[in-house]
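Comments concern the structure below.
Bear in mind these aren't lab numbers, they're just calculated from the coordinates by the rules spelled out. It should be emphasised that the depicted structure is a prediction, and the values quoted were computed from it without experimental measurement. FYI the Cβ positions are ideal-geometry reconstructions off the backbone, even for glycines, and counts take in every protein chain you see.
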């Protein structure tokens, strides 16, 4: 039987694993798909490839579908987030001189306390120039949520972050791993925090497709969602992570030493060129605790923040944002495949402080802790 061809885009990041695994381990093939992967040089480049039909799907930054729904970015067409493919995965890094200035304030680089890190940054009296991978990214949202809006940012593609900090173009950056760890390996940066220190279960990447294609070809949509969901489930098995690291290290994927990738996947992060290591529990999560479910409340949180920053109507933005996180498709296509389905499609974001059982469409589901660093809770407008 012939397989259906589908092209998907990605950037060389650890959290591109679900697409890469779906192809290399055979989940796409088992769904009757001939999945080809296209590596993009930047997030703007990948977004354009998707919008203009050069790829059919993408491992995409979670705020991009929301931004497209709000008319931000200047491109036509709606993008749908079919499922979340990773929580976390971000690293915040500082230059060696800024790291020294932080130590002078008494900061101990514990890699977990976002409040203490912000206090130390302010105590230096410096105004760091901060690199972000894209204006519409969870990295940017976490950064603004943590340090406020009055900061200086500039866009740098993820693989170039180490070059930017080495050249003195930025003093600090936030980026998806492994590029923070690569900068440490090169001796030009130190890791300050993981993204989950700011929001414990932030949706970083989503499986994205154009809305018109999702509507026109439900069969293809369902097949791809099942293949990627099964890849996320495979990534949750601890014994598979060495294999995943070796696959992703290949030149046409991340082209980074497998040892660096494996450390990230096993929560062992080297934070400075001296080799100091920190435990980073769930620095990136692909599956456990309904990690793949596209909560509409998460979309609302993103929509509200983008609207406030860009002078848009917040209520209308919340409504538009909810529509592009397709929990309805997730229930339709992945429920029969065995995915856990929460009872509702929205929740109080930041309210789960301990892992535990919560109401589901049938029985109970386990939810992971998702607090914000300051204990705030976001209230969505509806289910």
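Spin-label pair residue 274-residue 218: with each label point 7 Å from Cα along the Cα-Cβ axis, the two points sit 6.0 nm from one another. Summary of the geometry: the range 119-187 and the range 299-321, compared by the centres of their Cα atoms, lie 24 Å apart.
If you average the C-alpha positions of the range 364-380 and of the range 81-103 separately, how far apart do those two centres end up, in angstrom? For the range 364-380 versus the range 81-103, the Cα centre distance is 20 Å.
When you restrict to C-alpha pairs under 8 Å that are six or more residues apart and normalise by the size of the chain, the relative contact order lands at 22 percent.
Listing 107, 330 from fewest to most neighbouring C-beta atoms within 10 Å gives 107, 330.
Nearest 5 is fine: what % of DSSP beta bridges in the chain come out antiparallel, could you say? The partial results should precede the final answer.
Details: 34 of 50 bridges.
Bridges in the chain are about 70 percent antiparallel.
For the pair the range 1-15 / the range 324-350, the C-alpha centres are spaced 23 Å from each other.
Looking only at the range 90-201, where both bridge partners belong to it, what percent of the DSSP beta bridges are antiparallel (to the nearest 5)?
60 percent
If you run the Gaussian network model on the chain, springs between alpha carbon atoms under 10 Å, then out of 135, 159, 251 the most flexible one is 251. Angle of helix 218-235 to the longest C-alpha principal axis of the chain, folded into 0 to 90 degrees and rounded to 10: 50°. Label-to-label distance for residue 5 and residue 364 is 5.0 nm, based on points extended 7 Å past Cα in the beta-carbon direction.
If the chain between residue 353 and residue 103 were fully stretched, how many nm would it gain, using 0.36 nm times the residue separation less the Cα-Cα distance? Present the calculation step by step, with values, prior to reporting the outcome.
Details: separation 250, 0.36 × 250 = 90.00 nm, distance 3.04 nm.
Going from the current span to full extension adds 87.0 nm.
Per DSSP H run of at least 4 residues, take -39500 (n - 2.57); add these up for the chain, divide by its residues and hand me the 222 nm value, nearest 500 deg cm²/dmol. Let's see the in-between values first.
Values: 16 runs with 144 residues, N = 383.
Calculated at 222 nm, the ellipticity per residue is -10500 deg cm²/dmol.
The angle between the Cα long axis of helix 314-324 and the longest principal axis of the Cα atoms of the chain comes to about 50 degrees, rounded to the nearest 10. For the chain, the longest principal axis of the Cα atoms and the long axis of helix 138-147 meet at an angle of about 40 degrees.
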